[in-house]
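Would you mind keeping the following structure in view while I ask a few things?
Please treat every number below as a calculation from the coordinates, not as lab data. Computed from a predicted model, the values in this text were never measured in an experiment. Heads up, the Cβs are rebuilt from the backbone with ideal geometry, glycines too, and the neighbour counts pull from every protein chain shown.
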Amino acid sequence: MDGFTLTCVGSDGIRLTDFSASITSGTIEGCKDSITLVDDGSHLVIDIEIIDPDSAGIRVNSNNNFISDNQIQSNTPDSTYGIQLEDADSNQIIGNTIDGLDRFGVLVDGFSNNVSGNIITNTVDGWGIFINNGGDFNLIISNIVDQSADEGIFVESNSNLISQNVITDNLSGITIDNTDNNTVTVNSVSNNIDYGISIEGANANGNAILSNSSLNNGVFDLYSPDDPTCTANTWIGNTFVTSDPSCLN
């Protein structure tokens, strides 16, 4: 884009089609979906400033894309998604800044995506990072998630790695919801209104909560109400003060 600005009035912005298209270095303002990635994928979206998207800042409907160093900012109630992966696999979502979206900072629906090094703040009425039940084996690493109205990171799929994230001042920090074999390790989770790290649902099994710091959370630092004997999942080496049940470690 060579530093230029695209301003929309009631329309979508830019659509990357076919294979290995790219967009870099510009501003997109007021579009419905600011950037959409479709077809064979392997597209690049780098260093784009997206202002007040009406639906999604970046909508991803293809595989193997690289989305990095973009800034997505919203001051409007209709901006539903910062970055939305929809049945999209093996994408790299790295080093983006997302602020003020209404429902989702990053919504992950797909397999083997890497969401790393992003800063997600002020999700007005939803979640910082939401891993949908449409895909497993995602990496959620070294993100900062702050001030989400719901969970900072919410997981409803299996076999994901959530590691080295900083999760503060959300409704709850990290929640595993009725899913299996996720690993939550070396995260810093603090000052959330309800729970720090929680596993909820009687069908959640084989999850590993290892070596996290979960402190100063409002209700419990560690919480697993459906596993009173602490045997369905593994909790080892976490730093915390409050827990329910008391056998969590």
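Quick one: if the Förster radius is 22 Å, what FRET efficiency do Val124 and Leu215 give, using the C-beta to C-beta distance and rounding to 0.05? Intermediate values should be presented prior to the final figure.
Details: r = 26 Å, r/R0 = 1.18.
Calculated value: 0.25.
Which longest run of the chain has no exposed loop site in it, a site being chymotrypsin sites (Phe, Trp or Tyr not before Pro) in a DSSP loop with at most 16 other beta carbons within 10 Å, and the site itself not part of the run? Walk me through the numbers before you get to the answer.
Values: sites that count: Phe4, Phe137.
Here the longest segment lacking exposed loop sites spans 5-136.
I would also like to ask the following. Would you mind calculating the gained length between Asn191 and Asn114 on full extension (0.36 nm times residue separation, minus the Cα-Cα distance), in nm to one decimal?
Full-extension gain reported as 25.1 nm.
Same structure, new question: Give me, ordered by chain and number, the residues 5 or more places off Trp235 or on other chains with an amide H under 5 Å from its own placed amide H.
Ile209, Asn249
Estimate the FRET efficiency between Asn203 and Gln92 by the formula 1/(1 + (r/R0)^6), using the beta-carbon distance for r and 25 Å for R0, to the nearest 0.05. Can you show the working numbers first?
On the way: r = 31 Å, r/R0 = 1.25.
Result of the calculation: an efficiency of 0.20.
Another question, if that's okay. Classify the stretch 64-145 as rounded, prolate or oblate, taking a ≥ b ≥ c as the square roots of the eigenvalues of its Cα gyration tensor: rounded when a/c is under 1.5, otherwise prolate if a/b is larger than b/c and oblate if not. All intermediate terms of the calculation are to be shown ahead of the outcome.
Working: a/c = 1.87, a/b = 1.44, b/c = 1.30.
The shape class here is prolate.
Another question, then. Percent of Cα-Cα pairs per 5 Å bin, from 0 to the last occupied bin, for the stretch 1-85, please list those.
P(r) over the stretch 1-85, rounded to whole percents: 4, 18, 29, 27, 17, 5, 1.
How far apart, in nm, are two points set 7 Å out from the Cα along the Cα-to-Cβ line at Ser20 and at Phe66?
1.1 nm
Any idea what the alpha-carbon Rg over 2.2 N^0.38 Å comes to for the chain?
Normalised Rg, Cα atoms only: 1.01.
Per residue of the stretch 217-229, in order, report the coupling 6.51 cos²θ - 1.76 cosθ + 1.60 (Karplus, θ = phi - 60°) as ³J(HN,Hα) in whole Hz, putting x for Gly and Pro.
Result, ordered by residue: 8, x, 9, 9, 6, 10, 8, 8, x, 9, 10, x, 9 Hz.
Sticking with this structure for a sec: Note down the nm distance, to one decimal, between modelled labels 7 Å out along Cα→Cβ at Cys247 and at Thr7.
In this crude label model, Cys247 to Thr7 measures out at 6.3 nm.
Karplus couplings for the stretch 192-200 from phi (6.51 cos²θ - 1.76 cosθ + 1.60, θ = phi - 60°), rounded to Hz, Gly and Pro as x?
Computed from phi, the couplings for the stretch 192-200 are 8, 5, 9, 10, x, 10, 9, 10, 10 Hz.
When the Cα centres of the stretch 85-140 and the stretch 182-236 are compared, how far apart do they sit, in Å?
Each part's Cα centre sits 20 Å from the other's.
Continuing with the same structure: First measure r as the distance between the Cβ atoms of Thr231 and Gln164, then evaluate 1/(1 + (r/R0)^6) with R0 = 22 Å and state the FRET efficiency to the nearest 0.05. Walk me through the numbers on the way to the answer.
Details: r = 27 Å, r/R0 = 1.23.
With R0 = 22 Å, the Cβ-Cβ based efficiency is 0.20.
For the stretch 26-167, what number results from the quotient of the Cα radius of gyration and 2.2 N^0.38 Å? Let's see the in-between values first.
Numbers: Rg = 13.1 Å, N = 142, 2.2 N^0.38 = 14.5 Å.
Taking the Cα Rg and dividing by 2.2 N^0.38 Å, one obtains 0.91.
Pull up all non-local amide H partners of Glu29: gap of 5 or more, or a different chain, and H-to-H distance under 5 Å with H placed in the peptide plane.
For Glu29, the qualifying residues are Leu6, Thr7, Cys8, Ile51.
Now for a separate question. Along the stretch 39-45, what does the Karplus equation 6.51 cos²θ - 1.76 cosθ + 1.60 (θ = phi - 60°) give for ³J(HN,Hα), rounded to whole Hz, x for Gly and Pro?
Using θ = phi - 60°, the values come out as 6, 7, x, 6, 7, 10, 10 Hz.
Let me ask you something else. Let me see the P(r) profile for the stretch 108-238: every Cα-Cα distance counted, bins of 10 Å, each bin given as a percent of all pairs.
15, 50, 33, 2
Mind listing the long-range amide H neighbours of Val189? Cut-off is under 5 Å, sequence gap 5 or more, other chains count too, H placed in the peptide plane at 1.01 Å from N.
Under 5 Å from the amide H of Val189: Ile167, Ser213, Ser214, Leu215.
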